[in-house]
Each structure stands twice: as structure tokens, then as C-alpha cells.
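Engineer: Have a look at the structure that comes next, please.
The values are calculated or read from the model by the stated rules, or taken from the named source; none is laboratory data. What you are looking at is a predicted structure, and each value in this text was computed from that prediction instead of being measured. Using ideal geometry, Cβ is built from the backbone for each residue, glycine included, and neighbour counts are taken over all protein chains shown. These accessible areas exclude ligands, DNA and RNA; they are computed on the full protein's heavy atoms, side chains included. Shrake-Rupley method; radii C 1.70, N 1.55, O 1.52, S 1.80 Å.
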Amino acid sequence: MYHNPVLLKKSVDDLVTNPDGIYVDVTFGGGGHSREILKRLSDKGKLFSFDQDLDALKNTIDDERFTLVNQNFRFLENSLMIYGIQQVDGILADLGVSSHQFDVAERGFSTRSNAPLDMRMNVMQHLDAKKIINEYEEEQLANLFYYYGELRESRKLAREIVHHRKLKPIETTEDLKSLFSYIPQFKQNKFFAQVFQAIRIEVNQELDVLKEMLVQSYKILKTNGRLVVISYHSLEDRLVKRFLKNGMFEGEPTRDIYGNYEKAFDLLQSKAIIPDEAEIAENSRARSAKMRVGIKN
Ligand SMILES: C[S@@+](CC[C@H](N)C(=O)[O-])C[C@H]1O[C@@H](n2cnc3c(N)ncnc32)[C@H](O)[C@@H]1O
């Protein structure tokens with residue numbers, strides 16, 4: 001299976017309020033969410049789905065109401081403009097990588113297989129994990145481990161990498177992991193997951209593109225249109241939460257003339273929605289999922 005979708009029914013229930021409407025799935029992947037959205041649309045409804053990974057294109061759906069766009073969702077607004085779409089009824093984002101991307105060893109996403117350091121969702125892109133590990137300045141590496149991996153020993157890790165790459169280029173995931181063999185066995189899974197997460201975020205500029213997509217989503221959503229975002233780590237969830245609340249990512253939110261904070265969205269539920277135990281038991285990816293739903297003001 002290409003990908004087992006998380007929070008499938010719940011996310012689409014919360015997304016689709018107008019069967020005749022125009023919807024966008026910015027993370028098509030295996031098309032699980034897209035297929036479910038199409039089930040809820042009438043003959044008049046339309047769905048535009050995005051994926052930057054060429055592999056996802058083979059999952060395309062043969063349906064007149066459906067268009068698959070092989071593009072980074074940071075170009076959401078302009079890409080839709082090409083199809084004459086300026087306003088939409090709902091947008092779904094199921095962030096991160098698909099199981100397929102993890103499972104294909106040579107993509108380099110998995111901590112479990114030995115593969116070239118790659119981690120690009122879009123294989124046409126220039127920047128890959130090998131470039132980052134072998135060419136970034138020590139301080140850049142330390143920052144990305146600190147901010148994207150939430151690793152406290154980020155400076156030490158960066159120093160270690162810079163020391164070793166002077167002796168021999170670091171080419172594969174095993175080369176990288178072997179530098180940290182001193183990490184106690186029982187801590188290794190979590191540690192490498194954090195290291196790989198940090199590199200993956202940098203390779204794909206995941207937080208920057210998420211911000212760009214959220215800002216554009218707000219612009220193109222109709223009033224009362226819905227934005228549904230499923231995220232898998234706290235860095236993404238924090239951005240989504242702040243944006244849905246205040247329409248911004250940092251700084252003091254703006255106030256209206258009465259001194260009230262201006263709200264970008266109403267939240268369908270104030271707390272993040274999470275998968276139930278049954279879903280987590282059946283799909284381990286669901287364990288870290290958090291979904292937030294905003295209704296545009
Ligand atoms: C978690 S999977 C989505 C799975 C999908 N909901 C399903 O039901 O199969 C995320 C997908 O979004 C794609 N993706 C992630 N970031 C993207 C971006 N910035 N632009 C376009 N596609 C992106 C990935 O390539 C991946 O295929």
C-alpha cells in the first residue's frame with residue numbers, strides 16, 4: 001500500500017460542507033483523502049490536489065472533477081490561478097512524508113535502512129541531505145539540529161560531523177549514524193528520529209513552505225471556508241495553531257478598533273483532534289497526528 005491515510009473520515013467530514021464546492025488537497029500522496037473528498041462532492045464539485053513528488057502521480061484518479069497538480073504547495077495560489085480558480089471552499093493538508101517515501105529505502109528518509117543521504121520529496125530539487133551534511137557551516141548544522149530536531153546537544157553533533165567530513169565525505173545514512181554510535185542503545189531510536197527529522201525539514205524547507213501555504217490558504221478561502229491541517233510534530237502544529245488563532249506566526253496579534261484581537265479563523269474545536277486508540281493500533285503513523293480545523297472569518 002502506498003499510504004494508509006490518518007484521520008480519513010473525520011478530516012473529510014470537517015472539510016466538506018458544500019458538495020458543489022471547490023476543494024483542494026495540498027498533499028495528495030496515495031490519494032486516500034482525495035478519494036474520500038470526491039465521494040462527498042456532487043457532479044458540480046471540483047477537487048484540485050497537489051503533490052511535489054513524481055511518485056505520487058501514479059496514484060492519480062480518473063474523474064472529471066479531479067485535477068492533480070505536480071507542484072509544491074508553496075505555489076498554491078498561483079497554480080490555482082492557472083486553472084482560473086481564485087476562491088475555494090476548503091483546503092486539506094496532511095503534512096509530512098508518505099509511508100511510500102519512508103518505505104523506498106533509496107529515498108533516504110528512513111533511519112532503518114542504509115541509503116544515500118537524500119530526503120528530497122521533489123527529486124528535481126538541487127538541495128539534498130548529502131549537501132547539507134557535507135557543505136553546511138558548523139553553525140548552520142548546529143542551528144538546524146537545535147531548532148528542527150529539538151536536540152539539546154546540537155553543537156556537539158555539528159562539531160562531530162564537521163570533524164568527520166574532513167577525513168571522508170559522509171555519503172549514506174549509515175555513514176551518518178556511525179558517527180553517533182556512542183549514543184546508548186536505548187536512546188538511539190528517538191535520537192536518530194530527531195536527527196533525521198531535522199535534516200528532512202531543512203532539505204524540504206518544510207516550515208517555510210507550510211507558512212507560505214497557510215498565508216495563501218487564508219487569502220483564497222471563501223468566508224466560512226474550512227482549513228483542515230493534520231500535522232505530525234510540534235514544530236508544525238505550533239505554526240498551525242498560532243496561524244489559525246491570530247492569522248500570524250509570531251509577534252503581537254493585531255486588534256480591531258475596539259481593542260479586540262482580530263481572529264483569522266474560528267476553531268471548530270479549541271483542542272487539537274487526535275486519532276483514537278483503535279486507529280493508532282492499526283496505523284502507527286497516527287500516534288503523533290494532530291488535526292486542527294479553522295473556519296475562515
Ligand atoms: C502524509 S502524505 C499525504 C497522504 C495522503 N493524505 C493520502 O491519503 O495518501 C504527504 C504527501 O504530501 C506531499 N508533500 C509534502 N509537502 C509538500 C509540499 N510542500 N508540496 C507538495 N506536496 C507535498 C508528500 O510528497 C507526500 O506525498
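Engineer: Does Val203 satisfy being in contact (Cβ under 8 Å) with a residue 60 or more places away in the chain, of a type outside the set (S, T, N, Q) and within 16 Å of the ligand (Cβ to nearest atom)?
Structural biologist: So Val203 passes the test.
Engineer: Answer yes or no as to whether Ala56 is assigned to a strand (DSSP E or B), in contact (Cβ under 8 Å) with a residue 40 or more places away in the chain, surrounded by 15 or more Cβ atoms within 10 Å (Cβ to Cβ) and within 13 Å of the ligand (Cβ to nearest atom).
Structural biologist: no
Engineer: Filter the range 59-68 for residues that are more than 9 Å from the ligand (Cβ to nearest atom) and either touching a strand residue (DSSP E or B) at 6+ places or on another chain (Cβ under 6 Å) or not aliphatic (A, V, I, L, M) (or both) and give the result.
Structural biologist: Correct list: Thr60, Asp62, Asp63, Glu64, Arg65, Phe66, Thr67, Leu68.
Engineer: Right, something else. Find the residue count for the range 16-48, including only residues that are within 8 Å of the ligand (Cβ to nearest atom), under 17 Å from Leu80 (Cβ atoms) and either open to solvent by 20 Å² or more (accessible area, probe 1.4 Å) or not aliphatic (A, V, I, L, M) (or both).
Structural biologist: So the count comes out to 4.
Engineer: Quick check on Gln71: is it touching a residue at least 60 places away in the same chain (Cβ under 8 Å), open to solvent by 10 Å² or more (accessible area, probe 1.4 Å) and not aliphatic (A, V, I, L, M)?
Structural biologist: No.
Engineer: Do you know which residues across the range 241-252 are within 25 Å of the chain's Cα centre (by Cα) and more than 15 Å from Met213 (Cα to Cα)?
Structural biologist: Those that are within 25 Å of the chain's Cα centre (by Cα) and more than 15 Å from Met213 (Cα to Cα): Lys245, Asn246, Glu250, Gly251.
Engineer: State all residues of the range 61-108 that are under 24 Å from Ile199 (Cβ atoms) and of a type in the set (D, E, K, R); if no residue qualifies, say none.
Structural biologist: Within the range 61-108, Arg74, Asp94, Asp103, Glu106, Arg107 qualify.
Engineer: Still on this structure, I have one more. What's the total number of residues in the range 230-240 that are closer than 16 Å to Met213 by Cα and surrounded by 18 or more Cβ atoms within 10 Å (Cβ to Cβ)?
Structural biologist: 7
Each row is one residue, and each column tells you yes or no for (1) at pLDDT below 95; (2) away from the ligand (no atom under 16 Å from the Cβ); (3) not polar (S, T, N, Q).
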position: Gln194; (1), (2), (3): no, yes, no
position: Gln197; (1), (2), (3): no, no, no
position: Ser217; (1), (2), (3): no, no, no
position: Ile220; (1), (2), (3): no, no, yes
position: Asn224; (1), (2), (3): no, yes, no
position: Leu227; (1), (2), (3): no, no, yes
position: Lys241; (1), (2), (3): no, yes, yes
position: Glu250; (1), (2), (3): yes, yes, yes
position: Glu262; (1), (2), (3): yes, yes, yes
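Engineer: Restricting to the range 101-125, name every residue that is open to solvent by 30 Å² or more (accessible area, probe 1.4 Å) and either closer than 19 Å to Arg165 by Cβ or within 16 Å of the ligand (Cβ to nearest atom) (or both).
Structural biologist: Within the range 101-125, Phe102, Asp103, Val104, Glu106, Asn114, Pro116, Arg120, Asn122, Val123, Met124, Gln125 meet the criteria.
Engineer: Among helices (runs of 4 or more DSSP H) lying entirely in the range 146-244, which contain 3 or more residues that are farther than 26 Å from Asp51 by Cβ?
Structural biologist: 154-167, 173-178, 185-204
Engineer: Which ones in the range 252-297 are under 23 Å from Asn224 (Cβ atoms) and β-branched (Val, Ile, Thr)?
Structural biologist: Thr254, Ile273, Val293, Ile295 - these are the residues of the range 252-297 that are under 23 Å from Asn224 (Cβ atoms) and β-branched (Val, Ile, Thr).
Engineer: It is to be established whether one or more residues within the range 76-91 are part of a loop (DSSP other than H, G, I, E, B), farther than 20 Å from His164 by Cα, within 16 Å of the ligand (Cβ to nearest atom) and in contact (Cβ under 8 Å) with a residue 40 or more places away in the chain.
Structural biologist: no
Engineer: Are any residues in the range 81-100 open to solvent by 40 Å² or more (accessible area, probe 1.4 Å) and in contact with a strand residue (DSSP E or B) (Cβ under 6 Å, 6 or more places away or on another chain), and if so, which ones?
Structural biologist: Within the range 81-100, just Gln87 meets the criteria.
Engineer: Tell me yes or no: at least one residue of the range 253-273 is surrounded by 15 or more Cβ atoms within 10 Å (Cβ to Cβ), of a type in the set (Val, Ile, Thr) and out of contact with any Lys or Arg (no Cβ under 6 Å at 6 or more places or on another chain).
Structural biologist: Within the range 253-273, one or more residues are surrounded by 15 or more Cβ atoms within 10 Å (Cβ to Cβ), of a type in the set (Val, Ile, Thr) and out of contact with any Lys or Arg (no Cβ under 6 Å at 6 or more places or on another chain).
Engineer: Of all residues in the range 186-195, count the ones that are within 13 Å of Gly149 (Cα to Cα) and either free of Cβ contacts under 8 Å to residues at least 40 places away in the same chain or in contact with a helix residue (DSSP H, G or I) (Cβ under 8 Å, 6 or more places away or on another chain) (or both).
Structural biologist: 4
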